[in-house]
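Notes to accompany the following structure.
The values are calculated or read from the model by the stated rules, or taken from the named source; none is laboratory data. Note that the structure is predicted; figures quoted are calculated from it, not measured. FYI the Cβ positions are ideal-geometry reconstructions off the backbone, even for glycines, and counts take in every protein chain you see.
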Amino acid sequence: MRRREFITLLGGAAAAWPLAARAQQPAMPVVGFLHSTAPGTFTQELRAFHQGLKETSYVEGENVRIEYRWADNQLDRLPELAAELARRQVTVIVVSGHDATFAAKTATTTIPVVFLAADDPVRLGLVSSLARPGGNLTGFNVLTSEMAAKRLALLHELMPGAARFAALLNPANATTTQAMLRDLEPAARALGLQIQVINADTSDEINAAFATFMRERPGALLVASGPFFASRRVQLAQLAARHAIPAIYSGRQYAEVGGLMGYGPSLMDAYRHLGVYAGRILKGAKPPDLPVVQSTKVELVINAQTAKMLDLTVPPTLLSIADEVIE
């Protein structure tokens, strides 16, 4: 073989090596992420989720791909979005909220599902037990609906002279709403308070609810937990400020945008944990071997600027137990 032919042959083989190496590389795993709201409303939570993935050595675009599906607060879209992720045979599906979780549970019995639930997942029938979930589901339980009584007590401490409070609930989030009422009604009786329940599951209905509050002037407002209200937290905080209604919400994310008080589990910690569990499943862990984790990190955040704007004096007892006071 002449030297020039040998060099040409060698060069062709070298060019083929990278192609062969790429062909032998395993396909990048895919995480399905299903949420009932819109992508622009959960930026911080998504950052925490990515941090959890990173803690298990996964970075989006480098060694894992994420397929996002957002229902834009149209809960009837969730079953089809979940089914679409199942048809794509993603490696694991991550969901947040009751409706998204049940949509994923219905869509697949084989693909692992990591959920964020606001109510007892055993009572809901999602898992057999917290320690040994069984089936293809596991996740994180934030117990936000069970904190309604504590939120009412905090609001009563802030407004001790008020005899009638309002509660804003989302009827579309039926399971969480029922759990909250089950907790709230006996707590209100124990404190000698009347509770006026108003429902809202659209932005326009939130506006209409505040128009009702203006006419009937409750002493304060308790806003229920759930993805929809969290996605509308700026609207809620602005309406409460505009109409001078003291309000307590289900977490710090409300106080950070101008809400008076937020009390509840750390959603940042919860979403980070979802990322960690998703990463562990990508590494080969099975849902039955991953216990459901219950939130232990609960925060009270008070926005002192909003209190001043409402001409309220926050009692020292509340300030002393607050995890953060936003000045």
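Considering only the stretch 3-36, state which residues are modelled with pLDDT under 90 and among the β-branched types (V, I, T).
Of the stretch 3-36, the ones modelled with pLDDT under 90 are 3-27.
The answer is I7, T8.
Note on the stretch 174-199: among residues that are under 29 Å from F102 (Cα atoms) and in contact with a Pro (Cβ under 8 Å, 6 or more places away or on another chain), the one that is surrounded by the fewest Cβ atoms within 10 Å (Cβ to Cβ) is N199.
Can you tell me which residues in the stretch 60-78 are within 14 Å of T37 (Cα to Cα) and of a type outside the set (A, V, I, L, M)? Listed by number, the residues that qualify are Y68, R69, W70, D72, N73, Q74, D76, R77.
Table: residues versus (1) closer than 29 Å to A255 by Cβ; (2) at pLDDT below 95; (3) exposed (fewer than 15 other Cβ atoms within 10 Å of the Cβ).
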{"residue": "R69", "(1), (2), (3)": "no, no, no"}
{"residue": "P112", "(1), (2), (3)": "no, no, no"}
{"residue": "L124", "(1), (2), (3)": "yes, yes, no"}
{"residue": "A131", "(1), (2), (3)": "no, no, yes"}
{"residue": "T144", "(1), (2), (3)": "yes, yes, no"}
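Restricting the stretch 173-193 to residues that are out of contact with any strand residue (DSSP E or B) (no Cβ under 9 Å at 6 or more places or on another chain) and not in a helix (DSSP H, G or I) leaves a set whose member that is farthest from I321 (Cα to Cα) is N173. The single condition among (1) polar (S, T, N, Q); (2) outside any helix (DSSP H, G or I); (3) within 18 Å of Y254 (Cβ to Cβ) that Q196 does not satisfy is (3).
Pairs meeting the criteria (first residue in the stretch 62-81 and under 13 Å from D99 (Cα atoms), second residue hydroxyl-bearing (S, T, Y) and part of a helix (DSSP H, G or I), beta carbons under 9 Å, at least 6 apart or on different chains) are N73/S203; N73/S231; P79/T106. Screening K283 with (1) under 30 Å from V92 (Cα atoms); (2) without any contact (Cβ under 8 Å) to a residue 12 or more places away in the chain; (3) of a type in the set (K, R) gives one miss only, at (2).
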